[in-house]
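Peer 1: One structure is given below, represented as structure tokens, and several questions about it will come after.
The values are calculated or read from the model by the stated rules, or taken from the named source; none is laboratory data. Owing to the predicted nature of the structure, the values given are computational and were not obtained by experimental measurement. Please note: Cβ atoms are built from the backbone with ideal geometry, for glycine as well, and neighbour counts cover all protein chains shown. For accessibility, only protein heavy atoms count, side chains too; no ligands or nucleic acids. Shrake-Rupley method; radii C 1.70, N 1.55, O 1.52, S 1.80 Å.
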Amino acid sequence: LEIGLTGQLYNLRGQLVGEVRLERTTVQVLPSQYALLQNYPNPFNPVTAIRYNLPQRGHVVLTIYSMTGQLVRTLVDDQVEAGHHTIEWDGKNSRGQQVSSGICLYRLVVDGGQYTALRRMVLLK
């Protein structure tokens, strides 16, 4: 994010003597460690946000599973830049069908297992 302000500088006689430019730049602070955060809201209906942090670029696989371990949907399977990330899940499986109410699991795997985390969430109808 960058914010700038430009203006003109006059002396006491009203003569233009220069220009002034002020800038404010904020830099996103990268996370220091991997993290899979609790989804919000939880319980949810119909959409929830899943947040995760990456201290460095990596191949991310973020998947949703049923309580029986059946794959419901893969939300991310790609190279992802370092930073704070949020992805929304609409409660639908990979065929676009609404998932039944209950507990689901979501799993984050980075770079083939360098970091792995699993959390629970509740879908209510």
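Peer 1: For the range 102-117, how many residues meet the condition of being closer than 23 Å to Asn45 by Cα and without any contact (Cβ under 8 Å) to a residue 40 or more places away in the chain?
Peer 2: So the count comes out to 2.
Peer 1: A follow-up question, please. (1) touching a Gly at 6+ places or on another chain (Cβ under 8 Å); (2) open to solvent by 40 Å² or more (accessible area, probe 1.4 Å): which one isn't true of Phe44, the others all being true?
Peer 2: (2)
Residues are listed down the side, and each one gets a yes or a no for (1) assigned to a strand (DSSP E or B); (2) at pLDDT 95 or above:
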residue: Val17; (1), (2): yes, no
residue: Arg21; (1), (2): yes, no
residue: Pro46; (1), (2): no, no
residue: Ala49; (1), (2): yes, yes
residue: Tyr65; (1), (2): yes, yes
residue: Asp78; (1), (2): yes, yes
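Peer 1: Output the residues belonging to the range 37-84 that are of a type in the set (D, E, K, R) and either touching a residue at least 60 places away in the same chain (Cβ under 8 Å) or under 14 Å from Arg107 (Cα atoms) (or both). I'd like the intermediate steps shown before the answer.
Peer 2: Initially, the range 37-84 is screened for residues of a type in the set (D, E, K, R), giving 51, 57, 73, 77-78, 81.
Once the filter is applied, which keeps residues that are of a type in the set (D, E, K, R) and either touching a residue at least 60 places away in the same chain (Cβ under 8 Å) or under 14 Å from Arg107 (Cα atoms) (or both), the range 37-84 yields Arg51, Arg73, Asp77.
Peer 1: Which ones in the range 48-72 are open to solvent by less than 30 Å² (accessible area, probe 1.4 Å) and in contact with a Ser or Thr (Cβ under 6 Å, 6 or more places away or on another chain)? Give the derivation first.
Peer 2: Looking only at the range 48-72, we keep the residues that are open to solvent by less than 30 Å² (accessible area, probe 1.4 Å), and these are 48-50, 52-54, 58, 60, 62-64, 66, 72.
Matches in the range 48-72: Ala49, Thr63, Val72.
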